[in-house]
Amino acid sequence: GSVRAGAAIAQLAGAALKKCVLELGGSDAFIVLADADLDEAVRSAVLGRFGNTGQVCLAAKRLIVEAPVAAEFEARFVAAVKALRMGSPRDEANFIGPMARYDLRDELHGQVERTLAEGARLVLGGHKVEGPGNYYEPTVIADVQPGMTSFREELFGPVASIIVARDAQHAVEMANDSEFGLGGTIWTRDLERADAMAAQIETGAVFINGDVATDPRVTVGGVKKSGFGRELSSFGMHEFCNVQTVWTDRR
């Protein structure tokens, strides 16, 4: 849910002295380093950003790409997004469906327009689709900088923001430059470096060379304005347990 809704729920829970778990919004960084397998990184970025028409909390949203491969990644990514078919979800050949509500589509379009006015470059899409249904074109915005709307805010729809990083450390810094901290992704062939980077990223989860996902065996939850507490796995089961300690002196 939204940060506003989560704060309201936390207030009610606090007043009743009840525990609660909040899994709120996210603006997950999808980091692509220069040594990444670009074929797999592009495939994952397309699925991670445009799955469910981009309406997923735990999903690739800010695509942070190391400078040496930024142009090639952008070209491949845009070509893959162009190939996505939009239309009724009743047709399994379609990948992009309608958004949940008209007002959410209008809000998303406003975020895109503000980002472009702030100096970003529109590469693909950027328009509402006329006719029945809440359709929005699959959109790619490049040259996004920290402070711009699509960098600061969560874009909950089929819009991808491409951000160029000088190097791996710069990528980590920009990943952490967010009010949110739900998930994140790192693509690199250097797994030792990826492990070190993951430890620096301020999120509830980091996926290395794989799609962001949920699994009953793996805990899910965020930090910062993405909420607190955990779902799934043993951590999720213990969130709502009242643990009792029984200690007996056997002397």
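The values are calculated or read from the model by the stated rules, or taken from the named source; none is laboratory data. What you are looking at is a predicted structure, and each value in this text was computed from that prediction instead of being measured. So basically every Cβ, Gly included, is an ideal-geometry build from the backbone, and we count neighbours across all protein chains shown.
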*Pairs only if they're at least six apart or on different chains, beta carbon under 9 angstrom, first in region 189-210 and without any contact (Cβ under 8 Å) to a residue 12 or more places away in the chain and surrounded by fewer than 17 Cβ atoms within 10 Å (Cβ to Cβ), second in a loop (DSSP other than H, G, I, E, B) and aliphatic (A, V, I, L, M); list them, first residue then second.*
A199/V206
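Looking only at helices (runs of 4 or more DSSP H) that fall completely inside region 1-84, which ones have 3 or more residues that are in contact with a strand residue (DSSP E or B) (Cβ under 7 Å, 6 or more places away or on another chain) and among the small types (G, A, S)? Please lay out each step first, then the result.
Values: elements: 3-15, 38-50, 70-82.
Result: 38-50.
Restricting attention to region 8-23, does a residue exist that is under 15 Å from V159 (Cβ atoms) and crowded, with 17+ Cβ neighbours inside 10 Å? Before you say what the answer is, go through the steps one by one.
Here is the first cut: in region 8-23, the residues under 15 Å from V159 (Cβ atoms) are none.
No, region 8-23 contains no residue that is under 15 Å from V159 (Cβ atoms) and crowded, with 17+ Cβ neighbours inside 10 Å.
Check region 111-130 and report whether any residue there is under 18 Å from the mean Cα position of the chain (by Cα) and buried (at least 23 other Cβ atoms within 10 Å of the Cβ). So that I can check it myself, show each step before the final result.
Narrowing region 111-130 to residues under 18 Å from the mean Cα position of the chain (by Cα): 111-112, 115.
Filter once more, keeping what is buried (at least 23 other Cβ atoms within 10 Å of the Cβ): 112, 115.
The answer is yes, given that some residue of region 111-130 is under 18 Å from the mean Cα position of the chain (by Cα) and buried (at least 23 other Cβ atoms within 10 Å of the Cβ).
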*Taking T149, is it without any contact (Cβ under 8 Å) to a residue 60 or more places away in the chain, over 25 Å from R85 (Cα atoms) and under 17 Å from the mean Cα position of the chain (by Cα)?*
yes
_Pick from region 86-115, criterion outside any loop (DSSP other than H, G, I, E, B) and without any contact (Cβ under 8 Å) to a residue 40 or more places away in the chain, ranking: nearest to G133 (Cα to Cα)_ = Y102
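For (1) part of a helix (DSSP H, G or I); (2) within 23 Å of I9 (Cα to Cα), each residue gets a yes or a no:
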| site | (1), (2) |
| --- | --- |
| A196 | yes, no |
| A205 | no, no |
| H238 | yes, yes |
| W247 | no, no |
*Based on what the data block shows, is E154 closer than 30 Å to G6 by Cβ, under 17 Å from the mean Cα position of the chain (by Cα), assigned to a loop (DSSP other than H, G, I, E, B) and not aromatic (F, W, Y)?*
yes
*For residues that are of a type outside the set (A, V, I, L, M, F, W, C), assigned to a loop (DSSP other than H, G, I, E, B) and in contact with an Asp or Glu (Cβ under 9 Å, 6 or more places away or on another chain), scanning just region 135-151, find the one that is surrounded by the fewest Cβ atoms within 10 Å (Cβ to Cβ).*
G147
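Does E202 count as under 24 Å from A5 (Cα atoms), modelled with pLDDT of 95 or more and acidic (D, E)? Can you show your working first?
Numbers: under 24 Å from A5 (Cα atoms): yes; modelled with pLDDT of 95 or more: yes; acidic (D, E): yes.
When the stated conditions are applied, E202 passes them.
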_S161 vs. criteria assigned to a loop (DSSP other than H, G, I, E, B), within 19 Å of V144 (Cβ to Cβ) and of a type outside the set (D, E)_ = no
*Scan (1) assigned to a loop (DSSP other than H, G, I, E, B); (2) modelled with pLDDT under 95 for the single condition S234 breaks and write down its number.*
(1)
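Conditions tested, residue by residue: (1) touching an Asp or Glu at 6+ places or on another chain (Cβ under 7 Å); (2) touching a residue at least 40 places away in the same chain (Cβ under 8 Å); (3) more than 17 Å from A75 (Cα to Cα).
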| position | (1), (2), (3) |
| --- | --- |
| L12 | no, no, yes |
| A15 | no, no, yes |
| S27 | yes, yes, yes |
| V32 | yes, yes, no |
| L47 | yes, yes, no |
| G51 | no, no, yes |
*Quick one: in region 70-110, of everything that is buried (at least 18 other Cβ atoms within 10 Å of the Cβ) and among the basic types (K, R), which residue is farthest from the chain's Cα centre (by Cα)?*
R76
*Report, ordered by the first and then the second residue, all pairs with beta carbons closer than 9 Å, sequence separation of six or more or different chains, a first member in region 116-140 that is under 21 Å from A70 (Cα atoms), and a second member that is small (G, A, S) and part of a loop (DSSP other than H, G, I, E, B).*
L116/G126; E118/G147; P138/G125; T139/G125; T139/G126; T139/G157; V140/G125; V140/G126
